[in-house]
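For reference, the structure is listed below as C-alpha cells.
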Ligand code: LMR
C-alpha cells in the first residue's frame, strides 16, 4: 500500500538550510530561511526569553495537559499588542487559542474557513509558499492577484480588481506587515482604502501577522490589521511569535477569531478546538509559557521590546547600506531601503540564483528572495559584488 506514494520534493526553502550547512566555504552567506541574525551572523536566544525560561524551570509545577486551546494566559496577554490596548477583544468579539507557530494557526484558520463555506482564497502573489500549500492540502482554490508592481510598489489596482470580482464563499489572505517575500507593505492610506473596500463586500479577511515589530514597531506594524478589524464584521487572525520572540523551533503562535456578535464565538471556537484536537491535540507549551511570563512582567517586557528594537535597527542599517550601494549590475538596490522586515526580492532569474549559490556561496530562495538579516557589515560588499557579477 505505502509503495503507492509518490516522491515529494523537499520544501525548497527548508532544503536551503541543509545545502548551506554542507557548503565548506568559509565565506558562504545564508540569505535563505527567515531567521534573524546579529551583525556577527548569530541567532541567539533573546535575553528576555532566557530569563523567562529560568523562571519557568523554577516555577512551573506541572506539565499536565492544558487542552486544545493551550495556554490561555499567553493568548490573552498578547491581545493588547495585536489588537490595541484600548479594546483588546473588540468589545467581547475576539477570542483566541494557542497554536504551533504561525503555520499551525493558518492551518486551523483555513480549515475553519472551509467548514464555514469558504471555497476560494484570494492571495497577492508572490506570497509565502506555505500559504498556497496549505490551501491546496485543504482543497481550497487559490485566486491570485499581483501583490506588487514592477516598479516595486504595492499593486493597488490588482487588489481593487480582485476585490471587485469576489463571490460568496471567498476569503482574502493579507500579510499584516513585513510582506513575505517582497518586503513591500501597504501604506497607511492604502490600508484605509483596503479596510473600506472590505467593509463593502462579503469576502472573509484572513490576516497573517508573523513579523510584528520587525517592520516599523509593534504599534506601527499592527496598523493595517486594526484598520481592517474595525471595518469588517468578522475575520480570522493568524499570529506568530517565532520571529518577534526568536522562538522559531519552539513553534509559538495563536489563532484569533473575530465574530460579528460575541455570543457566536463559543460555536466558532469549538470548531477551531476540534480541528486542533484532530491535528495535534494540544500545542507545545514551553515557548508560549515563556512568552506569557515575559508579558506578565514589566521588566521582562521592557527587555524584550528593547531587544526587538535592536533587531529592527540592525535590519534598517543593512537596508540603508544596500540602498546606498545603488546599482549592483542590472539590479537597483535603492528600493530595499524603504522595504520592511526580513525579506526583499532581488529581481534575478532562477539561473542567476543558482550562480549566486554555486559560484559565490550565497544562498537565497529560488524566487530571488533574500533574508536581509543574513547580511552583515562584513559580507554585504561581497553580496553586492556578486549580484553585480551575475547580472552584468
Ligand atoms: C520563511 O519564510 O523563511 C519563514 O517563514 C520560515 C518558514 O517556515 O518558511
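Among the residues making up the stretch 372-382, a single one is surrounded by 24 or more Cβ atoms within 10 Å (Cβ to Cβ) and either out of contact with any helix residue (DSSP H, G or I) (no Cβ under 8 Å at 6 or more places or on another chain) or at pLDDT below 95 (or both): 374.
Of everything in the stretch 215-244 that is in a strand (DSSP E or B) and either at pLDDT below 95 or over 24 Å from residue 168 (Cβ atoms) (or both), the residue that is nearest to the ligand (Cβ to nearest atom) is 240. Filtering the stretch 118-136 to residues that are more than 15 Å from the ligand (Cβ to nearest atom) and either farther than 22 Å from residue 192 by Cβ or outside the structural domain of residue 200 (by TED's automatic domain parsing) (or both) leaves 118, 119, 120, 121, 135, 136.
Residue under question is residue 55, and the condition is that it be more than 16 Å from the ligand (Cβ to nearest atom), assigned to a helix (DSSP H, G or I) and either at pLDDT 95 or above or not assigned by TED's automatic domain parsing to the domain that holds residue 371 (or both); does it hold? Yes: the conditions hold for residue 55.
Taking the criterion of being in contact with a helix residue (DSSP H, G or I) (Cβ under 6 Å, 6 or more places away or on another chain) and closer than 13 Å to residue 271 by Cα, the residues of the stretch 102-117 that qualify are 107, 108, 110, 111, 112, 114, 115. Of all the criteria given as (1) in contact with a strand residue (DSSP E or B) (Cβ under 8 Å, 6 or more places away or on another chain); (2) assigned by TED's automatic domain parsing to the domain that holds residue 366, the one not satisfied by residue 22 is (1). When residues in the stretch 1-49 are screened for being within 16 Å of the ligand (Cβ to nearest atom), buried (at least 17 other Cβ atoms within 10 Å of the Cβ) and in a loop (DSSP other than H, G, I, E, B), 7 of them pass. Looking only at the stretch 87-99, decide whether some residue is within 16 Å of the ligand (Cβ to nearest atom) and modelled with pLDDT of 95 or more. Yes, the stretch 87-99 has at least one match. Of all the listed residues (206, 184), the sole one being touching a helix residue (DSSP H, G or I) at 6+ places or on another chain (Cβ under 7 Å) and modelled with pLDDT of 95 or more is 206.
Quick one: is residue 229 more than 22 Å from residue 73 (Cα to Cα) and buried (at least 22 other Cβ atoms within 10 Å of the Cβ)? Explain how you work it out, then say what you get.
Values: more than 22 Å from residue 73 (Cα to Cα): yes; buried (at least 22 other Cβ atoms within 10 Å of the Cβ): yes.
When the stated conditions are applied, residue 229 passes them.
Listed conditions (1) farther than 23 Å from residue 339 by Cβ; (2) in contact with a strand residue (DSSP E or B) (Cβ under 6 Å, 6 or more places away or on another chain) are all met by residue 102, apart from (1).
Being assigned by TED's automatic domain parsing to the domain that holds residue 277, modelled with pLDDT of 95 or more and closer than 22 Å to residue 175 by Cα is a property that residue 72 lacks. Take residue 336 and decide whether it is at negative phi, touching a helix residue (DSSP H, G or I) at 6+ places or on another chain (Cβ under 6 Å) and not assigned by TED's automatic domain parsing to the domain that holds residue 251. Yes; evaluated as a whole, the condition is true for this residue.
From the list 322, 300, exactly one residue is at pLDDT 95 or above, part of a helix (DSSP H, G or I) and surrounded by fewer than 22 Cβ atoms within 10 Å (Cβ to Cβ). Which is it?
Only one candidate passes the filter, namely 300.
Only one of the numbered conditions (1) touching a helix residue (DSSP H, G or I) at 6+ places or on another chain (Cβ under 7 Å); (2) assigned by TED's automatic domain parsing to the domain that holds residue 148; (3) surrounded by 14 or more Cβ atoms within 10 Å (Cβ to Cβ) is not met by residue 92, and that is (3).
The values are calculated or read from the model by the stated rules, or taken from the named source; none is laboratory data. None of these values were measured; they are calculated from a predicted model. FYI the Cβ positions are ideal-geometry reconstructions off the backbone, even for glycines, and counts take in every protein chain you see.
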